[in-house]
1. Scan the range 337-363 and report the pairs whose first residue is closer than 15 Å to G449 by Cβ and of a type in the set (G, A, S) and whose second residue is open to solvent by 60 Å² or more (accessible area, probe 1.4 Å) and not in a strand (DSSP E or B), with Cβ atoms within less than 7 Å and a gap of 6+ or a chain change.
2. Of the conditions (1) under 30 Å from R108 (Cβ atoms); (2) surrounded by fewer than 19 Cβ atoms within 10 Å (Cβ to Cβ), F293 fails just one. Which one is it?
3. Given (1) out of contact with any strand residue (DSSP E or B) (no Cβ under 9 Å at 6 or more places or on another chain); (2) free of Cβ contacts under 8 Å to residues at least 12 places away in the same chain, where does T444 come up short, assuming only one miss?
4. Looking at (1) under 29 Å from T299 (Cα atoms); (2) open to solvent by 30 Å² or more (accessible area, probe 1.4 Å); (3) free of Cβ contacts under 8 Å to residues at least 12 places away in the same chain, can you tell me which one G237 breaks?
5. Which of the residues that make up the range 311-328 are open to solvent by 50 Å² or more (accessible area, probe 1.4 Å) and either among the basic types (K, R) or touching a Cys at 6+ places or on another chain (Cβ under 9 Å) (or both)?
6. Picking from G160, G175, which residue would you name as being over 20 Å from M259 (Cβ atoms), surrounded by fewer than 17 Cβ atoms within 10 Å (Cβ to Cβ) and modelled with pLDDT under 95?
7. Could you say whether any residue in the range 196-209 is assigned to a strand (DSSP E or B), touching a residue at least 40 places away in the same chain (Cβ under 8 Å) and hydroxyl-bearing (S, T, Y)?
8. Mind counting the residues in the range 159-181 that are over 19 Å from the mean Cα position of the chain (by Cα) and outside any strand (DSSP E or B)?
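The values are calculated or read from the model by the stated rules, or taken from the named source; none is laboratory data. These numbers were taken from a predicted model, which means no experiment stands behind them. Glycine also receives a Cβ, built like all others from the backbone with ideal geometry; neighbour counts cover every protein chain displayed. Areas reflect the complete protein model, heavy atoms only, side chains present, ligands, DNA and RNA absent. Shrake-Rupley method; radii C 1.70, N 1.55, O 1.52, S 1.80 Å.
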Amino acid sequence: MERSKLTMAVKALMIGALAGSLAACGGGGGSGSGSGSGDDSASASGTSVGPVSGFGSVYVNGTYFNTDDLGGSITSDDGLTLENELEKGMILLVKADWDDDRNEGRARSVEYDDTLRGALTAFSWDDVENTGSLTVAGQTVVLDGRTVIRSGADLATVSGAPGNYRVRVSAWRQGDGSFRASFVGIRPIGDRFTDDDELETEVEGVIADLDRDTRTFTINGLQVDYGLAEFDDDLDGADDLRNGLIVEVEGYLSEGVLMAREIEGDDDGFEDDDDVEVSGAIAGDYDASARRFTLNGVTVQVTGDTEFDDGLRESQLADGLFVKVEGKYRGGLLEAEEIEPRDGDAELEGVIDSVNLAEDRMQVSGVTVAITANSLIKDDDDDDARRRTQDLESLVQGQYVEIEGRQQSDGSGSFLEAFKIERDDDDDSDFEVKGRVDGISSDTLSIMGLTLNRGNASFSGISVGTLVEIDFEGSVDSYVITEIDIEDDDDD
(Lines give C-alpha, C1' and ligand atoms only; values in the text may rest on other atoms or scores of the structure.)
Protein backbone atom coordinates (compact mmCIF):
# COMPACT_ATOMS: atom_id res chain seq x y z
CA MET A 1 0.00 0.00 0.00
CA GLU A 2 1.39 3.38 -1.06
CA ARG A 3 0.15 5.86 1.50
CA SER A 4 1.02 8.90 -0.64
CA LYS A 5 -1.71 8.15 -3.19
CA LEU A 6 -4.63 9.17 -1.00
CA THR A 7 -2.72 12.10 0.44
CA MET A 8 -2.00 13.45 -3.04
CA ALA A 9 -5.64 13.15 -4.04
CA VAL A 10 -6.93 14.78 -0.84
CA LYS A 11 -4.50 17.67 -1.06
CA ALA A 12 -5.30 18.21 -4.74
CA LEU A 13 -9.02 18.20 -4.06
CA MET A 14 -8.62 20.70 -1.26
CA ILE A 15 -6.81 23.18 -3.48
CA GLY A 16 -8.90 22.46 -6.58
CA ALA A 17 -5.96 21.25 -8.61
CA LEU A 18 -6.83 17.63 -9.29
CA ALA A 19 -9.03 18.26 -12.32
CA GLY A 20 -6.20 20.09 -14.00
CA SER A 21 -3.65 17.43 -13.19
CA LEU A 22 -5.93 14.78 -14.68
CA ALA A 23 -5.92 16.48 -18.06
CA ALA A 24 -2.68 14.58 -18.65
CA CYS A 25 -4.28 11.23 -17.81
CA GLY A 26 -5.55 10.39 -21.29
CA GLY A 27 -9.01 11.89 -20.74
CA GLY A 28 -10.33 11.08 -24.20
CA GLY A 29 -11.75 7.93 -25.68
CA GLY A 30 -10.62 4.33 -25.54
CA SER A 31 -7.72 5.01 -27.88
CA GLY A 32 -5.96 6.90 -25.11
CA SER A 33 -5.42 9.92 -27.40
CA GLY A 34 -6.57 12.22 -24.61
CA SER A 35 -7.56 15.82 -24.92
CA GLY A 36 -6.06 18.59 -22.84
CA SER A 37 -2.27 18.69 -22.85
CA GLY A 38 -1.97 15.69 -25.16
CA ASP A 39 0.35 13.96 -22.67
CA ASP A 40 -0.94 10.39 -22.83
CA SER A 41 0.14 9.22 -19.38
CA ALA A 42 -2.82 6.93 -18.70
CA SER A 43 -1.49 3.50 -17.74
CA ALA A 44 -4.89 1.81 -18.14
CA SER A 45 -7.89 2.30 -20.40
CA GLY A 46 -10.94 0.21 -19.83
CA THR A 47 -13.47 -0.62 -17.16
CA SER A 48 -13.64 -0.50 -13.37
CA VAL A 49 -16.48 -2.28 -11.56
CA GLY A 50 -16.94 -1.92 -7.82
CA PRO A 51 -18.80 -0.14 -5.01
CA VAL A 52 -18.58 3.61 -4.47
CA SER A 53 -16.45 4.45 -1.42
CA GLY A 54 -16.66 8.24 -1.73
CA PHE A 55 -17.80 11.24 -3.75
CA GLY A 56 -16.45 14.50 -5.16
CA SER A 57 -16.57 12.81 -8.53
CA VAL A 58 -16.47 9.08 -7.59
CA TYR A 59 -14.08 6.71 -5.84
CA VAL A 60 -14.30 3.12 -7.10
CA ASN A 61 -11.82 0.32 -6.39
CA GLY A 62 -9.44 2.76 -4.74
CA THR A 63 -9.23 5.06 -7.77
CA TYR A 64 -10.49 8.66 -7.93
CA PHE A 65 -12.42 9.03 -11.20
CA ASN A 66 -12.94 12.64 -12.25
CA THR A 67 -16.43 12.95 -13.78
CA ASP A 68 -16.29 16.59 -14.94
CA ASP A 69 -16.61 15.55 -18.59
CA LEU A 70 -19.99 13.92 -17.83
CA GLY A 71 -21.62 17.09 -16.50
CA GLY A 72 -23.07 15.26 -13.51
CA SER A 73 -24.95 12.71 -15.62
CA ILE A 74 -24.89 8.92 -15.28
CA THR A 75 -26.42 6.02 -17.21
CA SER A 76 -29.07 3.87 -15.55
CA ASP A 77 -32.25 1.97 -16.43
CA ASP A 78 -33.46 2.28 -12.86
CA GLY A 79 -34.59 5.86 -12.46
CA LEU A 80 -31.23 7.49 -11.73
CA THR A 81 -29.85 10.14 -14.06
CA LEU A 82 -27.49 12.26 -11.94
CA GLU A 83 -24.31 11.54 -10.01
CA ASN A 84 -25.73 13.19 -6.89
CA GLU A 85 -28.46 10.53 -6.82
CA LEU A 86 -25.89 7.79 -6.25
CA GLU A 87 -25.17 6.40 -2.79
CA LYS A 88 -22.06 4.97 -1.17
CA GLY A 89 -22.01 1.22 -1.63
CA MET A 90 -23.74 1.23 -5.02
CA ILE A 91 -21.81 -0.93 -7.49
CA LEU A 92 -20.83 1.11 -10.54
CA LEU A 93 -19.40 0.31 -13.96
CA VAL A 94 -16.98 3.09 -14.90
CA LYS A 95 -15.46 3.39 -18.38
CA ALA A 96 -12.30 5.43 -17.97
CA ASP A 97 -8.63 6.10 -18.55
CA TRP A 98 -6.57 6.06 -15.37
CA ASP A 99 -3.07 6.22 -13.97
CA ASP A 100 -2.32 3.21 -11.75
CA ASP A 101 0.65 4.92 -10.12
CA ARG A 102 -1.42 7.86 -8.91
CA ASN A 103 -4.79 6.08 -8.56
CA GLU A 104 -6.42 8.88 -10.54
CA GLY A 105 -8.46 8.79 -13.71
CA ARG A 106 -11.00 10.49 -15.94
CA ALA A 107 -14.37 8.81 -16.47
CA ARG A 108 -15.86 8.49 -19.93
CA SER A 109 -19.12 7.03 -18.56
CA VAL A 110 -20.61 5.94 -15.23
CA GLU A 111 -23.33 3.30 -15.18
CA TYR A 112 -25.51 2.01 -12.34
CA ASP A 113 -27.97 -0.90 -12.43
CA ASP A 114 -30.05 -2.34 -9.58
CA THR A 115 -29.39 -6.03 -8.91
CA LEU A 116 -32.79 -6.52 -7.26
CA ARG A 117 -35.78 -4.25 -6.68
CA GLY A 118 -39.22 -4.88 -5.24
CA ALA A 119 -41.35 -5.43 -2.17
CA LEU A 120 -39.80 -6.87 0.97
CA THR A 121 -41.18 -10.11 2.36
CA ALA A 122 -38.61 -10.59 5.15
CA PHE A 123 -35.94 -8.49 6.86
CA SER A 124 -33.61 -8.99 9.83
CA TRP A 125 -30.68 -7.06 11.24
CA ASP A 126 -28.49 -7.71 14.32
CA ASP A 127 -27.08 -4.38 15.50
CA VAL A 128 -24.46 -6.09 17.67
CA GLU A 129 -23.11 -8.56 15.12
CA ASN A 130 -23.68 -6.26 12.12
CA THR A 131 -25.26 -9.07 10.13
CA GLY A 132 -28.69 -9.69 8.67
CA SER A 133 -30.68 -10.74 5.64
CA LEU A 134 -33.66 -9.78 3.54
CA THR A 135 -35.92 -11.45 1.01
CA VAL A 136 -37.29 -9.78 -2.13
CA ALA A 137 -39.06 -11.63 -4.95
CA GLY A 138 -38.04 -14.90 -3.33
CA GLN A 139 -34.34 -13.99 -3.48
CA THR A 140 -32.21 -14.13 -0.33
CA VAL A 141 -29.83 -11.24 0.28
CA VAL A 142 -27.10 -11.41 2.94
CA LEU A 143 -26.21 -8.20 4.81
CA ASP A 144 -22.98 -7.57 6.69
CA GLY A 145 -20.97 -4.80 8.31
CA ARG A 146 -19.89 -3.36 4.97
CA THR A 147 -23.41 -3.16 3.56
CA VAL A 148 -24.57 0.44 3.30
CA ILE A 149 -28.23 0.54 4.37
CA ARG A 150 -30.27 3.68 3.71
CA SER A 151 -33.65 3.68 5.38
CA GLY A 152 -35.99 6.41 6.53
CA ALA A 153 -37.34 4.00 9.13
CA ASP A 154 -35.56 2.38 12.05
CA LEU A 155 -34.35 -1.10 11.04
CA ALA A 156 -36.18 -2.67 13.98
CA THR A 157 -39.40 -1.18 12.58
CA VAL A 158 -38.61 -2.61 9.14
CA SER A 159 -37.93 -6.03 10.70
CA GLY A 160 -41.32 -5.94 12.45
CA ALA A 161 -43.32 -5.15 9.33
CA PRO A 162 -41.25 -5.85 6.20
CA GLY A 163 -44.35 -5.94 4.00
CA ASN A 164 -44.68 -2.18 4.43
CA TYR A 165 -41.45 -1.50 2.55
CA ARG A 166 -39.75 -1.75 -0.82
CA VAL A 167 -36.01 -2.08 -1.49
CA ARG A 168 -33.44 -1.49 -4.18
CA VAL A 169 -30.38 -3.67 -3.82
CA SER A 170 -26.89 -3.46 -5.32
CA ALA A 171 -25.21 -6.79 -4.68
CA TRP A 172 -22.96 -9.62 -5.82
CA ARG A 173 -24.50 -12.95 -6.78
CA GLN A 174 -23.06 -15.88 -4.81
CA GLY A 175 -22.58 -19.49 -5.82
CA ASP A 176 -25.73 -20.75 -4.10
CA GLY A 177 -27.94 -18.20 -5.87
CA SER A 178 -28.16 -15.83 -2.93
CA PHE A 179 -26.71 -12.32 -2.96
CA ARG A 180 -24.23 -10.40 -0.82
CA ALA A 181 -25.39 -6.79 -0.57
CA SER A 182 -23.17 -3.77 -0.98
CA PHE A 183 -26.06 -1.29 -0.83
CA VAL A 184 -29.70 -1.51 0.27
CA GLY A 185 -32.17 1.36 -0.04
CA ILE A 186 -35.44 0.99 1.91
CA ARG A 187 -38.61 3.02 1.27
CA PRO A 188 -42.29 2.76 2.24
CA ILE A 189 -44.21 0.43 -0.08
CA GLY A 190 -45.88 3.26 -2.03
CA ASP A 191 -42.67 5.26 -2.55
CA ARG A 192 -41.32 4.53 -6.04
CA PHE A 193 -37.67 4.06 -6.97
CA THR A 194 -38.48 4.39 -10.69
CA ASP A 195 -41.22 5.94 -12.83
CA ASP A 196 -43.12 2.64 -12.75
CA ASP A 197 -45.72 1.71 -10.19
CA GLU A 198 -45.09 0.25 -6.75
CA LEU A 199 -45.47 -3.29 -8.11
CA GLU A 200 -42.30 -2.92 -10.21
CA THR A 201 -39.91 -5.82 -9.56
CA GLU A 202 -36.42 -6.51 -10.92
CA VAL A 203 -34.45 -9.73 -10.56
CA GLU A 204 -31.06 -10.80 -11.88
CA GLY A 205 -29.91 -14.39 -12.16
CA VAL A 206 -29.39 -17.56 -14.17
CA ILE A 207 -32.15 -19.05 -16.33
CA ALA A 208 -33.24 -22.59 -15.41
CA ASP A 209 -36.22 -24.81 -16.28
CA LEU A 210 -36.81 -23.03 -19.62
CA ASP A 211 -40.14 -24.14 -21.12
CA ARG A 212 -40.78 -22.69 -24.58
CA ASP A 213 -44.33 -24.09 -24.69
CA THR A 214 -45.53 -22.28 -21.57
CA ARG A 215 -43.04 -19.43 -22.18
CA THR A 216 -41.70 -19.65 -18.64
CA PHE A 217 -38.40 -20.19 -16.85
CA THR A 218 -37.12 -19.87 -13.30
CA ILE A 219 -34.45 -17.73 -11.66
CA ASN A 220 -33.27 -19.27 -8.41
CA GLY A 221 -36.71 -20.78 -7.79
CA LEU A 222 -38.74 -17.74 -8.91
CA GLN A 223 -41.00 -18.52 -11.89
CA VAL A 224 -40.86 -15.99 -14.72
CA ASP A 225 -43.54 -15.67 -17.40
CA TYR A 226 -42.00 -14.07 -20.51
CA GLY A 227 -45.03 -14.31 -22.78
CA LEU A 228 -45.40 -10.53 -23.15
CA ALA A 229 -41.78 -9.51 -22.57
CA GLU A 230 -39.71 -7.18 -24.71
CA PHE A 231 -36.04 -8.02 -25.21
CA ASP A 232 -32.99 -5.78 -25.12
CA ASP A 233 -29.17 -5.79 -24.83
CA ASP A 234 -27.85 -8.69 -26.96
CA LEU A 235 -31.19 -10.55 -26.89
CA ASP A 236 -33.08 -10.35 -30.20
CA GLY A 237 -36.02 -12.28 -28.87
CA ALA A 238 -37.28 -15.31 -26.99
CA ASP A 239 -35.31 -17.67 -29.22
CA ASP A 240 -32.10 -16.35 -27.63
CA LEU A 241 -33.13 -17.57 -24.17
CA ARG A 242 -31.37 -20.69 -22.90
CA ASN A 243 -30.72 -22.45 -19.63
CA GLY A 244 -27.59 -21.10 -17.97
CA LEU A 245 -27.93 -17.62 -19.48
CA ILE A 246 -27.63 -14.72 -17.02
CA VAL A 247 -30.43 -12.19 -17.48
CA GLU A 248 -32.07 -9.19 -15.85
CA VAL A 249 -35.85 -9.30 -15.71
CA GLU A 250 -38.14 -6.35 -14.97
CA GLY A 251 -41.87 -6.81 -14.45
CA TYR A 252 -44.43 -7.27 -11.70
CA LEU A 253 -45.36 -10.09 -9.35
CA SER A 254 -48.72 -11.82 -9.77
CA GLU A 255 -49.52 -14.69 -7.39
CA GLY A 256 -45.83 -15.45 -6.93
CA VAL A 257 -44.97 -15.34 -10.65
CA LEU A 258 -42.83 -12.57 -12.13
CA MET A 259 -44.68 -11.32 -15.22
CA ALA A 260 -41.81 -10.04 -17.34
CA ARG A 261 -42.12 -6.72 -19.15
CA GLU A 262 -38.49 -6.52 -20.23
CA ILE A 263 -35.62 -9.05 -20.33
CA GLU A 264 -32.01 -8.01 -20.89
CA GLY A 265 -28.90 -10.08 -21.32
CA ASP A 266 -26.45 -9.42 -18.51
CA ASP A 267 -23.65 -7.88 -20.58
CA ASP A 268 -20.50 -7.49 -18.47
CA GLY A 269 -19.71 -4.27 -20.33
CA PHE A 270 -16.12 -5.23 -21.18
CA GLU A 271 -14.48 -4.96 -24.56
CA ASP A 272 -11.66 -7.10 -25.90
CA ASP A 273 -8.23 -5.95 -24.66
CA ASP A 274 -9.87 -3.77 -21.97
CA ASP A 275 -7.86 -3.12 -18.86
CA VAL A 276 -10.27 -4.28 -16.16
CA GLU A 277 -10.38 -3.93 -12.39
CA VAL A 278 -13.32 -5.54 -10.68
CA SER A 279 -14.15 -6.27 -7.06
CA GLY A 280 -16.76 -8.58 -5.64
CA ALA A 281 -17.53 -11.91 -4.04
CA ILE A 282 -16.44 -15.08 -5.85
CA ALA A 283 -19.54 -16.96 -7.05
CA GLY A 284 -19.17 -20.72 -6.81
CA ASP A 285 -16.22 -23.00 -6.22
CA TYR A 286 -12.77 -22.38 -7.65
CA ASP A 287 -11.98 -24.69 -10.58
CA ALA A 288 -8.42 -25.63 -9.63
CA SER A 289 -7.79 -27.71 -12.76
CA ALA A 290 -8.78 -24.93 -15.17
CA ARG A 291 -7.59 -22.27 -12.67
CA ARG A 292 -10.83 -20.31 -13.11
CA PHE A 293 -13.53 -18.69 -10.98
CA THR A 294 -16.54 -16.46 -11.58
CA LEU A 295 -16.75 -12.89 -10.34
CA ASN A 296 -19.69 -10.57 -11.13
CA GLY A 297 -20.68 -12.87 -14.00
CA VAL A 298 -17.25 -12.81 -15.66
CA THR A 299 -14.88 -15.78 -15.78
CA VAL A 300 -11.48 -14.99 -14.26
CA GLN A 301 -8.47 -16.93 -15.55
CA VAL A 302 -5.55 -17.41 -13.18
CA THR A 303 -2.18 -17.89 -14.89
CA GLY A 304 1.42 -18.56 -13.91
CA ASP A 305 2.01 -14.79 -14.01
CA THR A 306 -0.88 -13.89 -11.68
CA GLU A 307 0.30 -12.09 -8.55
CA PHE A 308 -1.45 -12.78 -5.24
CA ASP A 309 -1.19 -9.86 -2.81
CA ASP A 310 -1.54 -9.33 0.95
CA GLY A 311 -0.90 -12.95 1.86
CA LEU A 312 -3.66 -14.39 -0.34
CA ARG A 313 -2.92 -17.85 -1.74
CA GLU A 314 -4.48 -19.48 -4.79
CA SER A 315 -5.65 -22.35 -2.57
CA GLN A 316 -7.82 -19.85 -0.63
CA LEU A 317 -9.94 -18.86 -3.64
CA ALA A 318 -13.44 -20.05 -2.75
CA ASP A 319 -17.14 -19.26 -2.97
CA GLY A 320 -17.98 -16.00 -1.21
CA LEU A 321 -14.43 -14.69 -0.84
CA PHE A 322 -14.32 -10.96 -1.52
CA VAL A 323 -11.47 -10.05 -3.88
CA LYS A 324 -10.29 -7.37 -6.28
CA VAL A 325 -8.95 -8.56 -9.64
CA GLU A 326 -6.93 -6.53 -12.14
CA GLY A 327 -6.16 -7.82 -15.59
CA LYS A 328 -6.87 -7.90 -19.32
CA TYR A 329 -10.17 -8.98 -20.85
CA ARG A 330 -9.57 -11.23 -23.84
CA GLY A 331 -11.81 -13.71 -25.62
CA GLY A 332 -14.50 -13.60 -22.94
CA LEU A 333 -12.03 -14.20 -20.09
CA LEU A 334 -10.50 -11.80 -17.58
CA GLU A 335 -6.84 -12.81 -17.46
CA ALA A 336 -5.84 -11.95 -13.91
CA GLU A 337 -2.61 -10.04 -13.48
CA GLU A 338 -3.20 -9.31 -9.79
CA ILE A 339 -5.63 -10.60 -7.16
CA GLU A 340 -5.89 -9.14 -3.67
CA PRO A 341 -8.25 -10.03 -0.82
CA ARG A 342 -10.85 -7.44 0.15
CA ASP A 343 -12.46 -9.40 2.98
CA GLY A 344 -11.52 -8.08 6.38
CA ASP A 345 -9.60 -10.16 8.91
CA ALA A 346 -9.39 -7.60 11.74
CA GLU A 347 -11.75 -5.33 13.69
CA LEU A 348 -11.52 -2.44 16.12
CA GLU A 349 -13.86 -0.41 18.32
CA GLY A 350 -12.41 2.60 20.08
CA VAL A 351 -11.87 6.33 20.29
CA ILE A 352 -9.82 8.38 17.83
CA ASP A 353 -6.66 9.57 19.61
CA SER A 354 -5.26 11.54 16.67
CA VAL A 355 -5.64 11.98 12.89
CA ASN A 356 -2.77 12.59 10.48
CA LEU A 357 -4.14 13.01 6.95
CA ALA A 358 -0.69 13.91 5.67
CA GLU A 359 0.26 10.27 6.37
CA ASP A 360 -3.25 8.83 5.72
CA ARG A 361 -3.23 7.38 9.24
CA MET A 362 -4.89 7.81 12.59
CA GLN A 363 -4.55 6.31 16.05
CA VAL A 364 -7.66 4.71 17.52
CA SER A 365 -7.35 3.62 21.15
CA GLY A 366 -3.67 2.99 20.54
CA VAL A 367 -4.12 1.06 17.26
CA THR A 368 -2.54 2.40 14.06
CA VAL A 369 -5.21 2.70 11.33
CA ALA A 370 -4.42 3.36 7.66
CA ILE A 371 -7.03 5.22 5.61
CA THR A 372 -7.09 4.53 1.87
CA ALA A 373 -9.25 5.52 -1.09
CA ASN A 374 -11.00 2.15 -0.58
CA SER A 375 -12.01 3.03 2.99
CA LEU A 376 -15.78 3.45 3.26
CA ILE A 377 -16.54 6.15 5.84
CA LYS A 378 -20.13 6.15 7.03
CA ASP A 379 -22.56 6.59 9.89
CA ASP A 380 -26.24 5.86 10.45
CA ASP A 381 -27.22 9.51 10.03
CA ASP A 382 -25.31 10.14 6.79
CA ASP A 383 -28.13 10.08 4.24
CA ASP A 384 -26.51 12.44 1.77
CA ALA A 385 -23.69 11.85 -0.66
CA ARG A 386 -20.69 13.61 0.87
CA ARG A 387 -17.47 14.76 -0.73
CA ARG A 388 -14.47 12.63 0.16
CA THR A 389 -12.78 15.62 1.77
CA GLN A 390 -15.78 16.04 4.10
CA ASP A 391 -15.66 12.34 4.96
CA LEU A 392 -12.02 12.64 5.98
CA GLU A 393 -12.48 15.92 7.84
CA SER A 394 -15.29 14.32 9.86
CA LEU A 395 -12.78 11.99 11.54
CA VAL A 396 -11.87 13.96 14.65
CA GLN A 397 -10.15 13.32 17.96
CA GLY A 398 -12.41 11.93 20.67
CA GLN A 399 -14.90 10.31 18.27
CA TYR A 400 -15.94 6.70 18.87
CA VAL A 401 -15.59 4.54 15.75
CA GLU A 402 -16.04 0.94 14.64
CA ILE A 403 -13.56 -0.26 12.01
CA GLU A 404 -13.34 -3.37 9.85
CA GLY A 405 -10.29 -4.03 7.75
CA ARG A 406 -7.19 -6.08 7.14
CA GLN A 407 -4.14 -6.41 9.35
CA GLN A 408 -1.04 -5.32 7.44
CA SER A 409 2.59 -4.51 8.14
CA ASP A 410 5.32 -2.36 6.62
CA GLY A 411 8.63 -0.89 7.69
CA SER A 412 6.96 1.03 10.49
CA GLY A 413 5.28 -2.06 11.97
CA SER A 414 1.83 -3.63 12.09
CA PHE A 415 -1.34 -1.63 11.42
CA LEU A 416 -5.01 -1.97 10.45
CA GLU A 417 -5.92 -1.05 6.86
CA ALA A 418 -9.49 0.24 7.14
CA PHE A 419 -12.10 -1.11 4.74
CA LYS A 420 -15.00 0.44 6.68
CA ILE A 421 -14.97 3.22 9.28
CA GLU A 422 -18.29 3.83 10.98
CA ARG A 423 -18.72 6.83 13.24
CA ASP A 424 -20.74 6.14 16.38
CA ASP A 425 -22.27 8.30 19.12
CA ASP A 426 -21.19 5.72 21.71
CA ASP A 427 -19.06 7.22 24.48
CA ASP A 428 -18.20 3.84 25.99
CA SER A 429 -14.78 3.62 27.59
CA ASP A 430 -14.57 -0.10 26.80
CA PHE A 431 -12.70 -0.92 23.61
CA GLU A 432 -12.31 -4.04 21.45
CA VAL A 433 -9.73 -5.27 18.94
CA LYS A 434 -9.55 -8.44 16.86
CA GLY A 435 -6.41 -9.48 15.01
CA ARG A 436 -3.17 -11.45 15.15
CA VAL A 437 -0.70 -11.07 17.97
CA ASP A 438 2.50 -9.27 16.91
CA GLY A 439 4.46 -9.71 20.14
CA ILE A 440 4.01 -11.17 23.60
CA SER A 441 5.83 -11.23 26.94
CA SER A 442 4.85 -12.37 30.41
CA ASP A 443 3.08 -9.06 31.12
CA THR A 444 2.23 -7.44 27.77
CA LEU A 445 0.84 -8.21 24.35
CA SER A 446 1.12 -6.12 21.17
CA ILE A 447 -1.24 -6.00 18.22
CA MET A 448 -1.35 -3.51 15.31
CA GLY A 449 0.88 -0.99 17.07
CA LEU A 450 -1.00 -1.30 20.36
CA THR A 451 0.71 -2.55 23.53
CA LEU A 452 -1.66 -3.98 26.15
CA ASN A 453 -0.93 -4.79 29.78
CA ARG A 454 -2.01 -8.29 30.76
CA GLY A 455 -3.93 -7.32 33.90
CA ASN A 456 -5.68 -10.45 35.20
CA ALA A 457 -5.97 -12.08 31.79
CA SER A 458 -4.33 -15.39 30.94
CA PHE A 459 -2.00 -15.69 27.95
CA SER A 460 -2.24 -19.48 27.94
CA GLY A 461 -2.25 -20.89 24.41
CA ILE A 462 -1.37 -17.52 22.88
CA SER A 463 1.77 -16.84 20.85
CA VAL A 464 2.86 -14.57 18.01
CA GLY A 465 0.41 -15.03 15.13
CA THR A 466 -2.50 -16.24 17.24
CA LEU A 467 -5.85 -14.75 16.19
CA VAL A 468 -7.45 -13.15 19.25
CA GLU A 469 -10.33 -10.91 20.25
CA ILE A 470 -9.53 -8.58 23.13
CA ASP A 471 -11.65 -6.29 25.29
CA PHE A 472 -9.58 -3.58 26.94
CA GLU A 473 -9.85 -0.28 28.75
CA GLY A 474 -7.73 2.70 29.74
CA SER A 475 -6.16 5.59 27.85
CA VAL A 476 -3.11 6.31 25.70
CA ASP A 477 0.02 4.55 27.02
CA SER A 478 -1.96 2.71 29.67
CA TYR A 479 -4.30 0.12 28.18
CA VAL A 480 -5.22 -3.00 30.17
CA ILE A 481 -6.84 -6.22 28.93
CA THR A 482 -10.18 -7.03 30.57
CA GLU A 483 -10.93 -10.15 28.50
CA ILE A 484 -9.12 -12.12 25.80
CA ASP A 485 -10.41 -14.97 23.63
CA ILE A 486 -8.65 -17.13 21.05
CA GLU A 487 -10.63 -17.05 17.79
CA ASP A 488 -11.19 -19.84 15.26
CA ASP A 489 -8.49 -19.49 12.62
CA ASP A 490 -9.44 -20.31 9.03
CA ASP A 491 -5.75 -20.34 8.08
CA ASP A 492 -5.00 -23.27 10.38
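1. Going by the 7 Å Cβ cut-off, the qualifying pairs are S354/Q397.
2. The one condition F293 does not meet is (2).
3. With (1) out of contact with any strand residue (DSSP E or B) (no Cβ under 9 Å at 6 or more places or on another chain); (2) free of Cβ contacts under 8 Å to residues at least 12 places away in the same chain applied to T444, the lone miss is (1).
4. Condition not satisfied by G237: (2).
5. Within the range 311-328, R313 is the sole residue that qualifies.
6. Numbers: G160 fails: modelled with pLDDT under 95.
Result: G175 is the single residue among G160, G175 that is over 20 Å from M259 (Cβ atoms), surrounded by fewer than 17 Cβ atoms within 10 Å (Cβ to Cβ) and modelled with pLDDT under 95.
7. Scanning the range 196-209 turns up at least one residue that is assigned to a strand (DSSP E or B), touching a residue at least 40 places away in the same chain (Cβ under 8 Å) and hydroxyl-bearing (S, T, Y).
8. Within the range 159-181, the first condition is being over 19 Å from the mean Cα position of the chain (by Cα), and the residues that meet it are 159-166, 176.
Narrowing further to those that are outside any strand (DSSP E or B): 159-164, 176.
Summing the residues that are over 19 Å from the mean Cα position of the chain (by Cα) and outside any strand (DSSP E or B) in the range 159-181 gives 7.
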